[in-house]
Each structure stands twice: as C-alpha cells, then as structure tokens.
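The values are calculated or read from the model by the stated rules, or taken from the named source; none is laboratory data. A quick note: this is a predicted structure, and the numbers were derived from the prediction, not measured. Heads up, the Cβs are rebuilt from the backbone with ideal geometry, glycines too, and the neighbour counts pull from every protein chain shown.
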Amino acid sequence: MMDPERMDLSPLDPARDPERWSRVIAVTLMRVEAALLSRTSADGVLDLVGAWSRPILAAAAILALVLGTADAIIGSRPSPLDRASEARRMAVLSDHSLGRGQRPTGGQLLVALRSRSAR
C-alpha cells in the first residue's frame, strides 16, 4: 500500500536556492553546446542525419527477414492466374447479385474467394 502522507518535494524546488539553480542551468547549457559543436563541426548536417542510415537499414533487413519467414510459414502467395480467377469469380458474383438488385453477402464473397472450381 502507499504511504498516506504526501512526499516532500521541496528540496527539488529551484526557487529554494536560485544561485545553485543558475549554476546547474549554466553547466547544462555548456555541456549541450559542447556536444552540438562536436557533432556539427566534425560532420555536416547530412552526415549527422546519415549516421542513422546503418541502424535503420539493419532494422529494415531484420523486419524483411521476419516478414519473409512469416509469409513462408503461413502459406504461399497465389499465382497471377489464381488472382485472375478470384477476380473473375468476384465479378460473376457481383454481376449476378446486382442483376437481382441485391448486394452480395459476406458469406457469398467468402465462398467466391475460396472456390477453386473456376481454375
């Protein structure tokens, strides 16, 4: 359980010791400025951005490997002929359904996609 008493955060109040807080800010700004100068003086802006290319390419390669493996495990892609026959079955179903003034149901669409008789 949590302590019912409130935690005293007053030591973190920057107004409590303004001189110390000013020194902390000054030192932090000096460190940030030094870090930025060391990066931008040695390298151009494009070099700085380009430094991310290797980690991004590595992540993309890993992602492609994982997705390729998952695709191989789940199943192969249909051939262009299979896709054409699926499209043909969907067109026939749509034409037939709309000719009767109805929309095809989800079940009819699923049967048309799964049917292999039109090969």
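Of all residues in the stretch 21-60, those satisfying the criterion of being at pLDDT below 85 and among the hydroxyl-bearing types (Ser, Thr, Tyr) are SER38, THR40, SER41, SER53. Pairing each residue of the stretch 47-62 that is within 21 Å of LEU36 (Cα to Cα) with any residue that is among the charged types (D, E, K, R) and surrounded by 10 or more Cβ atoms within 10 Å (Cβ to Cβ), provided the two are 6+ apart or on different chains, yields C-beta distances under 7 Å for LEU48/ARG39.
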